[in-house]
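Data block below; observations after.
The values are calculated or read from the model by the stated rules, or taken from the named source; none is laboratory data. Computed from a predicted structure; not experimentally measured. Don't worry about glycine lacking a Cβ; one is built from the backbone with ideal geometry, like all the others, and counts go over all protein chains shown. Surface areas here come from the heavy atoms of the whole protein model, side chains and all, with no ligands, DNA or RNA. Shrake-Rupley method; radii C 1.70, N 1.55, O 1.52, S 1.80 Å.
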Amino acid sequence: MPLVQVSGLVKTYPGVIAVDGVDLGFDQAEITGLVGKNGAGKSTLIQILAGAVQPTAGTIAIAGEEVSDLTPHEANRRGMSFVHQQTVGVPDVSVAENVELGLGFPRRFGFVDWKRLNKRAQILLDRLGASIDPRALFGSLSVAEQRMVMVARALAWDAKLLVLDEPTASLTDNEISHLFTVLRQLRADGAGVVFVSHRLDEVLDLCDRTVVMRDGVVVDDTATKQTTRPRLIEEISGTGHERAAQLDQRTKTRRRVGDIVLEVENLSDGRRVHEVSLHVRSGEILGLGGLAGSGRTELVRLIYGADRPTSGNVFVYGKALTDPRPRSRLKAGIALLPEDRERQGTIVEFSVSDNITLPSLQKHRRLPNVAVPLRSSERTAAQRMIDQLAIKTPSPQTNVGALSGGNRQKVMLAKWLEHGADVYIFDEPSHGVDVDGKEDIYALMERLADDGKAVIFISSEFNELVGVCDRICVLREGRVVGELKDGITERAIVDLCYSHELNDPSQ
């Protein structure tokens, strides 16, 4: 008997069928990989299992018992635990409190026993190989550290079925190895695991069975040892072998680069970025490589003005930028597409149209100096970007929060394209995006470079950097440890990431 069985599951939204008649079971002592494009129905299926979304039709059976009107509390009570793609921790309380949230804190003489609480959280974090202080505020952690805390919380529930949606994004190789060890041990103990990922190599390495969804339907369900990466790409994209090979092995475009547009000189924040110097030219895609915690995100936040530097300078076309505020940096021609697109890149309660035109409202006024919007101009601009980027949305007035992760990413891209910039900084833009969506993002960055823009691209997937970038700077411990231009390979990036000495790349 499957731990969880869904039959004839359907979920519709206005103009969209998110899940269309899915029949699927998840078994004990098995790791099931769940893959598919953004908008394929994976996240909706998970939300239904978690009780966060009610299905339009179909049934859910847990341990053989049909359950109606499933709620998050009931899902947890019945032995299901979830790690969602977006972190959902409470930022202003400790890591330990986030790990034990909902389980009831240990008490002594009627008061919270903080020592036991911190110890229980520490045991789970140690199990994952995460060097995180359980007393630290959750909001002070990096995105990767927050994700590890969410995994620890899921483990704390001692679930019979653990569902993880893109759990390895931004994690180091060592953290991923620890996580996989834990998941394999859970399988050995009889638990079921559902592993959702766009990293197909991880799915092939970890999972016993792989399920592919496309357009709300399960199109393939097979033992992982009987499938291959090209076959998965073919099933995910719904195209033939030729297109699958093209997606798997792309060829980078060589461009003629121009003058230096952005230059960073000895930039530091006193904590995670130390005297970084680099530059990027017009028509160039500069990759920032490194492991999680290497300081890549912190560096671009300093460049954009989201954080204040303790020392160093930023220049655009040779002019020093003395005002560190984001508004000033945007006016100087720098646009940042942050890694955390949910909280920093878009306003999920706003419509697609309003998100796209938000930075450019001055262009859409009835009179230049009067803050009265010209809605027809906003609608035209938003629709143009929706068409250009093929954003999948029922309507320009649909809230961004109702879109899939990949389409939210496109909305974030669209607003900066509509505004215009000279330097575009992409921080993990392909995180949680399917193979076709990734190809769209690569093509967009290349088009910007072809148009003479300077592009900075951060990715934890080194094969992306190799396939897209003209030049790569590798960071470790907040410092640039090397630069690659000719003979760029994944091995060369890895060697620099794990180099013993913090070398000066100019030597």
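Dimensions of the range 46-205 along principal axes (Cα, Å, largest first)?
45, 43, 29
What does the extension gain come out to for Gln54 and Arg77, with contour length at 0.36 nm per residue minus their alpha carbon separation?
Values: separation 23, 0.36 × 23 = 8.28 nm, distance 1.74 nm.
Additional length available on full extension: 6.5 nm.
Using only the heavy atoms of the protein chains and a 1.4 Å probe, how would Arg296, Arg308 rank by accessible area, largest first? Before the final figure, lay out the partial values.
Details: Arg296 20, Arg308 150 Å².
Accessible-area ranking of Arg296, Arg308, largest first: Arg308, Arg296.
Per 0.36 nm of contour for each residue apart, how much would the distance between Glu275 and Thr310 grow if the chain were fully extended, relative to their Cα-Cα spacing? Intermediate values should be presented prior to the final figure.
On the way: separation 35, 0.36 × 35 = 12.60 nm, distance 1.00 nm.
Net length gain for the segment: 11.6 nm.
Pop a pseudo-label 7 angstrom from the Cα along the beta-carbon direction at both Glu66 and Asp451 and give the gap in nm to one decimal.
5.4
Restrict the search to the range 390-488; then list the trypsin sites (Lys or Arg not before Pro) that DSSP places in a loop and that have at most 12 other Cβ atoms within 10 Å of their Cβ.
Values: sites: Lys392, Arg408, Lys410, Lys415, Lys438, Arg447, Lys453, Arg471, Arg476, Arg479, Lys485; in loops: Lys392, Lys453, Lys485.
Passing sites in the range 390-488 are Lys485.
For the chain, what does -39500 (n - 2.57) per DSSP helix run (n ≥ 4), summed and divided by total residues, give at 222 nm, in deg cm²/dmol to the nearest 500?
-10000 deg cm²/dmol
To the nearest 10 square angstrom, what accessible area does Val348 show with a 1.4 Å probe?
For Val348, the solvent-accessible surface is approximately 40 Å².
Could you pull out which residues in the range 387-403 have an amide N less than 13 Å from a spot 7 Å beyond the Cα of Tyr13, following the Cα-Cβ vector?
Once the point is set 7 Å along Cα→Cβ of Tyr13, 392-403 turn out to lie under 13 Å by backbone N, inside the range 387-403.
At 7 Å along Cα-to-Cβ for each site, give me the label-to-label distance between Arg384 and Val494 in nm.
About 4.6 nm separates the two model spin labels.
Given labels modelled 7 Å from the Cα in the Cβ direction, how far is it in nm from Arg327 to Asp173?
Each label point lies 7 Å from its Cα, and together they span 4.6 nm.
Taking the solvent-accessible surface of protein heavy atoms with a 1.4 Å probe, what is the per residue accessible area of the chain in Å²?
Details: 22600 Å² over 507 residues.
Dividing the accessible area of the chain by its residue count gives 45 Å².
Compute the length gained on full extension between Leu361 and Trp157: take 0.36 nm times their separation in residues and subtract their Cα-Cα distance, giving the result in nm to one decimal. Don't skip to the answer; put the middle values down first.
Details: separation 204, 0.36 × 204 = 73.44 nm, distance 4.68 nm.
Here the answer is 68.8 nm.
What fraction of the Cα pairs in the range 90-157, stated in percent, has a spacing above 20 angstrom? Kindly include the intermediate steps, with their values, before the conclusion.
Numbers: 427 of 2278 pairs.
In whole percent, the long-distance tail amounts to 19.
Would you kindly give the portion of the calculated P(r) for the chain that falls above 32 Å, as a percent of all Cα pairs?
On the way: 57652 of 128271 pairs.
Percentage above 32 Å: 45.
Could you order Trp416, Trp114, Trp157 by accessible surface area, starting with the largest, using a probe radius of 1.4 Å? Write down the numbers at each step before the final one.
Numbers: Trp416 20, Trp114 125, Trp157 75 Å².
From most exposed to least exposed: Trp114, Trp157, Trp416.
Heads up, I need the accessible area for Thr71: 1.4 angstrom probe, whole protein in place, Å², nearest 10.
60
Past 28 Å, Cα to Cα, is the threshold; run Lys160/Lys410; Lys160/Lys225; Lys37/Lys225; Lys42/Lys119 against it and keep the listed order.
Details: Lys160/Lys410 36 Å; Lys160/Lys225 24 Å; Lys37/Lys225 22 Å; Lys42/Lys119 35 Å.
Listed pairs above 28 Å: Lys160/Lys410; Lys42/Lys119.
Are there DSSP H segments in the chain that both extend 15 Å or more along their axis (alpha-carbon positions) and score a mean Kyte-Doolittle hydropathy of at least -1.0? List them, or say none. List each step's numbers first, then the result.
Numbers: long enough: 114-127 (20 Å, -1.07); 143-156 (20 Å, 0.81); 173-188 (22 Å, -0.19); 375-389 (21 Å, -1.07); 405-419 (22 Å, -0.81); 435-450 (22 Å, -0.36).
The qualifying helices are 143-156, 173-188, 405-419, 435-450.
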